[in-house]
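Engineer: Mind looking over this structure? Questions follow.
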There are 2 protein chains.
Amino acid sequence: MSQAKNLRVVLASRPVGEPGDDNFKLEESALPKPAVGQVLLRTLFLSLDPYMRGRMSDAKSYAEPVQIGDVMVGGTVCEVLESEDAALKKGDTVVAYTGWQSHAVVSARTVRKIDQAADLKGLPLSTALGVLGMPGMTAYTGLLNIGQPKAGETIVVAAASGAVGAVVGQIAKIKGCRVVGIAGGKRKCDYVTGELGFDLCVDHKDAGFAAKLKQACPNGIDVYFENVGGPVFDAVLPLLNDFARIPVCGLINHYNDSATTHAGASGPDRVPLLMRAILTKRLTFRGFIVSDFGAQTKQFESDMSTWVTSGQVKYLEDVVDGLDKAPRAFQGLLRGENFGKLVVKV
Amino acid sequence: MSQAKNLRVVLASRPVGEPGDDNFKLEESALPKPAVGQVLLRTLFLSLDPYMRGRMSDAKSYAEPVQIGDVMVGGTVCEVLESEDAALKKGDTVVAYTGWQSHAVVSARTVRKIDQAADLKGLPLSTALGVLGMPGMTAYTGLLNIGQPKAGETIVVAAASGAVGAVVGQIAKIKGCRVVGIAGGKRKCDYVTGELGFDLCVDHKDAGFAAKLKQACPNGIDVYFENVGGPVFDAVLPLLNDFARIPVCGLINHYNDSATTHAGASGPDRVPLLMRAILTKRLTFRGFIVSDFGAQTKQFESDMSTWVTSGQVKYLEDVVDGLDKAPRAFQGLLRGENFGKLVVKV
């Protein structure tokens, strides 16, 4: 091991609105030694994902917030440098949740050993954080369990070029659906239709976006995979068909809302209208996170690795080099500036 | 047949806000003769239900609006006066959908013959419009299919003394749940706990209602059976537990909203907050109407008649005498003035 120090990014302060550079602090700390049952890990890849914005706030959510001064959380692919546990040895590759840092000492039981040849079918290690990891499984479990797509139905996928959306749409195509993506900008839209094979893609930055979405869905919408919220949701709502299903896995447009901006959101209050739509159209809205479907991990891994190696599901990664670039890359992610699954090569 | 005329209540004009007397018109018309395949029916009981407010408006919903000058729609129990169909004979009793009128000629295929002894286990004919009819089946199918109550969970039921709510809560008790009702006024609350056996009932007219509901649900809420909306929903939302289920079968507090009052509903817009709750608590909201579960009719009838005759499910009817009283009784229903399932003896 060439480095005697751990480089890490800690939460310096809680953002109000968009996170800025000053909410993060890059610092060095001493490398701890693994005790019995523990391993010392070196981070190879760090996943950057929208949900991390939630962990920076102290509002109640499905997970505890990161405390000020603590390392930012995140999924990682790591190499084992030292092992004090019989289950792992030096040189093993593991998927871990060690966050924004170059090294970590954790209990061996909190990591999962992966074999690049067997588990990833020879695909790059970074895919364990993307199409074959949490975002891919979020797409798979949310679409199949909640969305329940049927051949011939119309599916609308927001953030269609993103880590989750790209997979949702491609699985829906495999299931025989008509798939309409929504993405920001011509480059992303061209990728979504040209590379990923969606039937159409509507640019949410276009003037007249809502009208264009309506035109793209002449038979209405049967499944809307919600991961953005905001104006995209507003455009989708009137197009939903009777019995439409709406898996809710993210609301990136609202992650920078503060309690203050929530309270000041301009009226009218549309909750009664939304409830009326749920009632009269018999809609199903269901929120989920990937761990709710943990029991389906094996099935996911089997299906997805088959689809990826056969070319039925394509993926794109946006790789940022160096942990010091993580804060800026994450800020860009919340603005939709990444193109493909965002990972940091540490 | 003593009466040569049909007495009927037609929609005179579409209400803006609460319906008034002038939205209805009582009139007489000639009695038509049944053609081949038809029957002439005399109405014994007419069911009055909140959904009828929706049919008075021309906003898009799951059913067509009643046209101006047309008879108000509604479920009925009728006697066959003349039959031109082999399947029915004079004197048979049927459940029909002939609306607010004393007589009707309809196709024999649109009615369902009932035997008071066999089908209703000797219970009054009016129960075919209540606990053993549409409201009872709404409660049964919505609670069991969408609410999926588990023993030990906390269930909150709005309009708890009403035709649907009373049944929801009693089935939830049978399933081993802790059941908290919400009703308007001490008399209804006393009935809900004393007669129906709910664990608690909170009066939504009380000052500090939200705080009292919170106190009544120390372990949060796992199932909220939504049939009212408005301030009751607002008090429930923050109490919902992770993975809570919300069957949405009605929104009586909003039925008198007009497009104008919707548009002018005071802000802030809480849709982003509601979506955030759905996401972070992994809530399931699902709208339904009873016909969505039509395949479960036999199972419902078997279970419910058993429960009612054994005394596990009690029911209360609010019987109004005379079709001319229907418009006022219906207006009172929307204000919560009825006490028990509202039926008109015609």
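The values are calculated or read from the model by the stated rules, or taken from the named source; none is laboratory data. All of these numbers come straight from a predicted model, not from anything done at the bench. Because the Cβ atoms are built from the backbone with ideal geometry, glycine has one as well, and the counts that use them run over all protein chains shown. These area figures cover heavy atoms from the full protein model, side chains too; ligands, DNA and RNA do not enter into them. Shrake-Rupley method; radii C 1.70, N 1.55, O 1.52, S 1.80 Å.
Engineer: Please compute the net charge surrounding B:VAL202, taking Lys and Arg as +1 and Asp and Glu as -1 over other residues with Cβ under 13 Å from its Cβ. Don't jump to the answer; show the numbers that get you there.
Structural biologist: On the way: positive: B:LYS186, B:LYS188, B:LYS205, B:LYS212, B:LYS214; negative: B:ASP190, B:ASP199, B:ASP203, B:ASP206.
Here the count lands on +1.
Engineer: Now, a different point. Assign unit charges at the C-beta atoms only (+1 for Lys and Arg, -1 for Asp and Glu), then state the dipole size of segment A:152-199 relative to its Cα centre in Debye, rounded to the nearest 20. Walk me through the numbers before you get to the answer.
Structural biologist: Numbers: 6 positive and 4 negative charges, 13 e Å.
So the dipole magnitude of segment A:152-199 works out to roughly 60 debye.
Engineer: On to the next question. Quick check: from the Cα gyration tensor, does segment B:280-346 come out rounded (a/c under 1.5), prolate or oblate?
Structural biologist: Judged from the Cα gyration tensor, segment B:280-346 comes out oblate (a/c at least 1.5, b/c at or above a/b).
Engineer: Something else now. I'd like the antiparallel share, as a percent to the nearest 5, of DSSP beta bridges with both residues in the protein assembly as shown.
Structural biologist: If we restrict to bridges inside the protein assembly as shown, about 60 percent are antiparallel.
Engineer: May I ask for the Kirkwood hydrodynamic radius of chain A, worked out over all distinct Cα pairs and given in angstroms to one decimal?
Structural biologist: Value: 21.0 Å, from the Cα pair sum.
Engineer: Using a cut-off of 22 Å between alpha-carbon atoms, which lysines can reach A:LYS60, once sequence neighbours fewer than 8 places away in the same chain are excluded?
Structural biologist: Correct list for A:LYS60: B:LYS214, B:LYS281.
Engineer: Moving to a separate point now. Please compute the average number of Cβ atoms from other chains found within 10 Å of each residue's Cβ in peptide A:283-296.
Structural biologist: Going residue by residue through A:283-296 and averaging, the value is 4.
Engineer: Please work out which residue of chain A brings its Cβ closest to the axis of the rotation superposing A onto B, and round that distance to whole Å.
Structural biologist: Whole-Å result, nearest residue of chain A to the axis: A:GLY267, 1.
Engineer: Which of rounded, prolate, oblate describes segment B:11-57, given a ≥ b ≥ c as roots of the alpha-carbon gyration tensor eigenvalues and a/c under 1.5 marking rounded, otherwise prolate only if a/b is larger than b/c?
Structural biologist: Numbers: a/c = 2.67, a/b = 2.01, b/c = 1.33.
Note, shape of segment B:11-57 comes out prolate.
Engineer: Shifting gears a bit: Under a GNM of chain A (C-alpha, springs under 10 Å), which listed residue has the highest mean-square fluctuation: A:SER107, A:SER266, A:SER83?
Structural biologist: Largest GNM mean-square fluctuation: A:SER266.
Engineer: Nm distances between the label at B:ARG328 and the same-position labels in the remaining copies, 7 Å along Cα→Cβ, shortest first?
Structural biologist: 7.7
Engineer: For segment A:76-154, which chymotrypsin sites (Phe, Trp or Tyr not before Pro) are both in a DSSP coil and crowded by at most 16 other Cβ atoms within 10 Å?
Structural biologist: Qualifying residues, ordered by number: A:TYR97.
Engineer: For segment B:121-206, which trypsin sites (Lys or Arg not before Pro) are both in a DSSP coil and crowded by at most 10 other Cβ atoms within 10 Å?
Structural biologist: Of the trypsin sites (Lys or Arg not before Pro), not one in the loops of segment B:121-206 has a Cβ with at most 10 other Cβ atoms within 10 Å.
Engineer: Show which aspartates and glutamates lie in cross-link reach of B:LYS188 when reach means a straight Cα distance below 20 angstrom and same-chain residues fewer than eight apart are skipped.
Structural biologist: Hits, sequence-local ones excluded: B:ASP49, B:ASP199, B:ASP203, B:ASP206, B:GLU226, B:GLU317, B:ASP318, B:GLU337.
Engineer: From the label point of B:GLY267, set 7 Å from Cα along Cα→Cβ, how far away are the matching label points in the other copies, in nm, ordered shortest to longest?
Structural biologist: 1.0
Engineer: So, with +1 on the Cβ of K and R and -1 on the Cβ of D and E, and no other charges, what is the size of the charge dipole of the protein assembly as shown about its Cα centre, to the nearest 20 debye?
Structural biologist: For the protein assembly as shown, the charge dipole is close to 420 debye.
Engineer: Compute the orientation-averaged projected area for segment A:1-153 from the convex hull of its Cα atoms and round it to one decimal in nm².
Structural biologist: Projected area, direction-averaged: 11.9 nm².
Engineer: Right, here's the next one. On each of the three principal axes of the Cα atoms of segment B:141-199, give max minus min coordinate, whole Å, ordered largest first.
Structural biologist: Taking the Cα atoms of segment B:141-199, the three principal extents are 30, 19, 14 Å.
Engineer: Just checking chain A: which Cys have no other cysteine's beta-carbon under 4.7 Å?
Structural biologist: A:CYS78, A:CYS177, A:CYS217, A:CYS249
Engineer: Among the listed pairs A:LYS150/B:LYS173; B:LYS121/B:LYS175; A:LYS90/A:LYS341, give every one whose C-alpha distance is greater than 32 Å.
Structural biologist: Violating the 32 Å limit, Cα to Cα: A:LYS150/B:LYS173.
Engineer: What residue among B:ALA108, B:ALA235, B:ALA86 shows peak mean-square fluctuation when chain B is described by a Gaussian network model with Cα springs under 10 Å?
Structural biologist: B:ALA86
Engineer: What nm distances, shortest first, do you get from the label point of B:THR306 to those in the other copies when the point sits 7 angstrom along Cα to Cβ?
Structural biologist: When each copy's label point is compared with this one, the spacings are 4.2 nm.
Engineer: Let me ask something else about it. With viscosity set to 1.002 mPa s at 20 °C, what whole-number translational diffusion coefficient in µm²/s follows for segment A:115-259 from Stokes-Einstein and a Kirkwood radius over Cα pairs?
Structural biologist: 140
Engineer: Now a separate question. Enumerate the whole-percent occupancy of each 5 Å bin, from 0 to the last occupied one, for all C-alpha pair distances of segment B:220-333.
Structural biologist: For segment B:220-333, the binned pair fractions read 2, 8, 12, 15, 16, 17, 14, 8, 5, 2, 0 percent.
Engineer: Which ³J(HN,Hα) values, rounded to whole Hz and listed in residue order, are derived for segment B:17-24 from phi using the Karplus coefficients 6.51, -1.76 and 1.60 in 6.51 cos²θ - 1.76 cosθ + 1.60 with θ = phi - 60°, glycine and proline given as x?
Structural biologist: Per residue, the Karplus-derived 3J(HN,Hα) values read x, 5, x, x, 4, 6, 7, 10 Hz.
Engineer: In addition: Accessible area per residue, 1.4 Å probe, Å², for the protein assembly as shown: what's the number?
Structural biologist: 41
Engineer: What does the charge count around A:ILE246 come to, taking other residues whose C-beta lies under 11 Å from its C-beta (Lys +1, Arg +1, Asp -1, Glu -1)?
Structural biologist: My count for the surroundings of A:ILE246 gives +2.
Engineer: Considering all alpha-carbon pairs of the protein assembly as shown, what whole percent are spaced by more than 33 angstrom?
Structural biologist: 56
Engineer: Could you compute how much accessible surface B:THR98 exposes when probed at 1.4 Å, giving the result in Å² to the nearest 10?
Structural biologist: Surface accessible to solvent at B:THR98 totals approximately 10 Å².
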